[in-house]
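See below for the structure under consideration.
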Amino acid sequence: MGTTVQTTSLLRLATAGSVDDGKSTLVGRLLRDSKSVLADQLAAVEHASRKRGQDTPDLALFTDGLRAEREQGITIDVAYRYFATPRRRFILADTPGHVQYTRNMVTGASTAELAVVLVDARNGMVEQTRRHTAVAALLRVPHIVLAVNKMDLADYAEPVFAAVAAEFTGYAASLGVKDVLAIPISALSGDNVVEPSTHMDWYGGPTLLQHLETVPIGSDPSGEPVRFPVQFVIRPQTAEHPDYRGYAGQLAAGVLRTGDPVTVLPSGRTSTVAGIDLLGCETGIAFTPQSITVRLADDLDVSRGDLIAAGAAPVPTKDVEATVSHLNERPLRAGDRVLLKHTTRTVRSLVKEISYRIDINTLQCSGTDELNDNDIGHVVLRTAEPLALDNYSDNRRTGSFLLIDPADGTTLTACMAGQAEWESSC
Amino acid sequence: MTAVTDSLVHPDRAQFALSHLDALEAESVHIFREVAGELERPVILFSGGKDSIVMLHLALGAFRPAAVPFSLLHVDTGHNFPEVIAYRDRVVAEHGLRLHVARVQDFIDRGVLRERPDGSRNPLQTVPLLDAIETNRFDAVFGGGRRDEEKARAKERIFSLRDESGGWDPRRQRPELWSLYNGRHAAGEHIRVFPLSNWTELDVWQYIEREHIELPEIYYAHERDVFARDGMWLTAGAWGGPKDHEPVERRQVRYRTVGDMSCTGAVDSAAATVGDVITEIAASRLTERGATRADDRQSEAAMEDRKREGYF
């Protein structure tokens, strides 16, 4: 044995953009250079490109998986791509960049820990750059990389790069993005994508892949209050385990240890952790994002939808406000009755107010009665039962929720509890 | 580039870092538990292939020390590898599971399905599958599909709504954000659930190695009577091959996927252990489906078309 690298970690990242930015070329290069595109896939793409009358393989065909996408030559949906280096496994959410697909960008960014924003060095920041950055900031993607592409067409000139990088860093900072790195690249010729460029000695930073391989993943859970949404109650009721009662779930924040005092929300009852099982094996300690089973010292009424918390706990509330991304062609209006799905709890809810719509390109707010497909805005809700909700800025998992149409189950709106700092002027 | 581990770069986090297999495992277990919490009659599609075996392994872990709250469903083409059926029956007995079998042969006998000219029964599985879902009123069906397998699958959700006729409409998929899975459906509709969506072939094998998961023998190198068709080695057998002009030879082969015997090809291989297989995959220049599945070679959208009709 010993053939595998078990210490490899997993990074989820998102890219957004259109073919013009060179995004497909960049993604294609990452996939090819990490050997994640294999001979039969390359042959299939070459064959399809020839059928379309193209001389060179159209790398977008790797990611445009649906017939409609290939026929129209556009990316419609989020495509997930997988590649690996000896150091890390990557899950890349590749999303379309046009404003009419904002919801797909939001979807891809929702699970990403890093977003790659591409700009053409010759054009600098354009509306699309601002939109992609705003979506990443809104979804609280912790790390953003500005890839200043097509440096080969800008004479590999440092002032060109420096000007774009400075403008971008200022914009990202105004959106509350904490970690930004600008990298000058040429996706086409490979400069600073995998290998360091020989044309830009003035750049002393990492290549894109080096950065992807070393950027820290996740926050340090030891400093976080514990959040454990209960998914399922495990009660074998067998001769071997007559009294076993465990609460199954995935830790959404923090580190949990046997003996820790905990509070069950929304009831507010307290107990201590009697034991933690990891897929059937007892462990004394568990950390985010492990899936575990927690046993409590006291016989409490705990069921799916409850939150087991330790440390500073949220106060359960029926009044919820959130910045939202509307995902469906049915508009969202004040007075709508919806289902609200938060962690493992789904409750009935009333849309009390549509506060405003945000222009994702300019970040200007304007009053509105309804949110339409791909709109970003702010809403106020009243729920039928109290929710133990965190601010999205504190926890992406316990601060996010969906609105669902009770009539047919359609997912209507993606919601982030609270308000972003830059919305305070709205 | 120097190979520094994450723990050296971020010493404060070393204690609380998950490996990629741990992260994938935690995500899959979360998915199984969401289904158990939200749906009434889930079933795991179990073919005896490595992906369904890993799925079952994860499901067993997710509910331990209780039993898995799902039954198993095998869609049986009748063109089975005997080693796989023996494995299936052994696993079912060992864990006290309930197994449903939907047989393509029954539908051929009743005249509902007709044998295809190429002898492949793989596309014929959709009707027995949908029939079993309807008859047993399954509302959640776990499949071992992975997004890295095929480009239509790369666009598949983890919770994927199917209409009353089992159809998949890729343009009307529900957006799937964070780890919030929407399993709501109308009567007669069901949800296909793919807990291994984010796993790759290599992850599956690394996990099999780490967890010491037993597989049917045909995944490892063995001697077999095979014949060449469409650049693949197919097993000579009762299902209809080889034709007169196709000479049979004995070769050392193994299977990278397990499906219907008529369209699942073996690859030349001397990989006798999990470690050998991992080395072989890491060096392979062909994808798993490209190397071994005749059904996906038919057109650019072969998988999308089958999925629209209700295929796995």
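Just a few scattered comments:
- Unique match (being modelled with pLDDT of 70 or more, surrounded by fewer than 22 Cβ atoms within 10 Å (Cβ to Cβ) and either under 22 Å from the mean Cα position of the chain (by Cα) or farther than 21 Å from B:E150 by Cβ (or both)) among A:T85, A:T95, A:T56: A:T85
- Scan the range A:216-254 for residues that are of a type in the set (V, I, T) and in contact with an Asp or Glu (Cβ under 8 Å, 6 or more places away or on another chain) and the total you get is 3.
- Cβ pairs under 6 Å, 6+ apart, first in the range B:137-152 and under 22 Å from B:V43 (Cα atoms) and in contact (Cβ under 8 Å) with a residue 60 or more places away in the chain, second of a type in the set (D, E) and part of a loop (DSSP other than H, G, I, E, B): B:D139/B:E40
- Output for the range B:163-186, where each listed residue is more than 10 Å from chain A (Cβ to nearest Cβ) and either surrounded by fewer than 20 Cβ atoms within 10 Å (Cβ to Cβ) or touching a Leu at 6+ places or on another chain (Cβ under 6 Å) (or both): B:D163, B:E164, B:S165, B:G166, B:G167, B:D169
- Taken over the range B:185-213, the criterion of being in contact (Cβ under 8 Å) with a residue 40 or more places away in the chain, over 30 Å from B:R137 (Cα atoms) and not hydrophobic (A, V, I, L, M, F, W, C) is satisfied by B:T200, B:E201, B:D203, B:Q206, B:Y207, B:E209, B:R210, B:E211.
- Scanning the range A:243-272 for residues that are more than 19 Å from B:V29 (Cβ to Cβ) and touching a strand residue (DSSP E or B) at 6+ places or on another chain (Cβ under 8 Å) yields a total of 14.
- Residue match in the range A:224-242 (condition: at pLDDT below 95 and in contact with a strand residue (DSSP E or B) (Cβ under 6 Å, 6 or more places away or on another chain)): yes
- For the range A:166-173, the count of residues that are of a type in the set (S, T, N, Q), closer than 24 Å to A:R88 by Cβ and not assigned by TED's automatic domain parsing to the domain that holds A:N374 is zero.
- Residue selected from the range B:260-283 under the condition of a type in the set (G, A, S), within 14 Å of another protein chain (Cβ to nearest Cβ) and surrounded by 17 or more Cβ atoms within 10 Å (Cβ to Cβ), by the criterion farthest from B:L234 (Cα to Cα): B:A271
- From the list B:G183, B:G145, B:G119, the lone residue that is modelled with pLDDT under 95, assigned by TED's automatic domain parsing to the domain that holds B:H30 and over 17 Å from the mean Cα position of the chain (by Cα) is B:G119.
- When A:T207 is tested against (1) within 12 Å of chain B (Cβ to nearest Cβ); (2) closer than 22 Å to A:G28 by Cα; (3) buried (at least 20 other Cβ atoms within 10 Å of the Cβ); (4) touching a residue at least 40 places away in the same chain (Cβ under 8 Å), only condition (4) is not met.
- Every listed requirement among (1) under 23 Å from A:S400 (Cβ atoms); (2) in a strand (DSSP E or B) is met by A:S219 save one, (2).
- Scanning the range B:190-245 for residues that are over 19 Å from the mean Cα position of the chain (by Cα) and among the aliphatic types (A, V, I, L, M) yields a count of 7.
- Scanning the range A:151-163 turns up no residue that is more than 10 Å from every other protein chain (Cβ to nearest Cβ), touching a Gly at 6+ places or on another chain (Cβ under 6 Å) and outside any loop (DSSP other than H, G, I, E, B).
- The listed residue being out of contact with any strand residue (DSSP E or B) (no Cβ under 6 Å at 6 or more places or on another chain), within 14 Å of chain A (Cβ to nearest Cβ) and among the hydrophobic types (A, V, I, L, M, F, W, C), out of B:L39, B:L56, B:L113: B:L56
- Selection within the range B:191-205 - at pLDDT below 95 and of a type in the set (S, T, N, Q): B:T200
- Residue count, the range A:283-302 (criterion: touching a Gly at 6+ places or on another chain (Cβ under 8 Å) and either within 10 Å of A:T258 (Cα to Cα) or away from chain B (no Cβ under 14 Å) (or both)): 2
- Complete set of residues in the range A:214-247 that are under 30 Å from A:F83 (Cα atoms), at the interface with another protein chain (Cβ under 8 Å from one of its Cβ atoms) and crowded, with 18+ Cβ neighbours inside 10 Å: A:P216, A:I217, A:G218, A:P221
- Residue that is nearest to A:H326 (Cα to Cα), among those in the range A:366-375 that are assigned to a strand (DSSP E or B) and touching a residue at least 12 places away in the same chain (Cβ under 8 Å): A:L371
- When the range A:376-426 is filtered for residues that are touching a residue at least 40 places away in the same chain (Cβ under 8 Å) and in a helix (DSSP H, G or I), the ones remaining, listed by number, are A:E421, A:W422, A:E423, A:S425.
- Residue selection: B:L18 fails the criterion of being surrounded by 21 or more Cβ atoms within 10 Å (Cβ to Cβ) and facing chain A (nearest Cβ under 9 Å).
- Taking the range A:118-149 as the range and being in contact with a Phe, Trp or Tyr (Cβ under 8 Å, 6 or more places away or on another chain) and in a strand (DSSP E or B) as the test, the residues that pass are A:V119, A:L146, A:V148.
- Per-region count, the range B:112-136, residues touching a helix residue (DSSP H, G or I) at 6+ places or on another chain (Cβ under 9 Å), within 23 Å of B:D163 (Cβ to Cβ) and in contact (Cβ under 8 Å) with a residue 24 or more places away in the chain: 7
The values are calculated or read from the model by the stated rules, or taken from the named source; none is laboratory data. All of these numbers come straight from a predicted model, not from anything done at the bench. Positions of Cβ are backbone-derived with ideal geometry, glycine not excepted, and every protein chain shown enters the neighbour counts.
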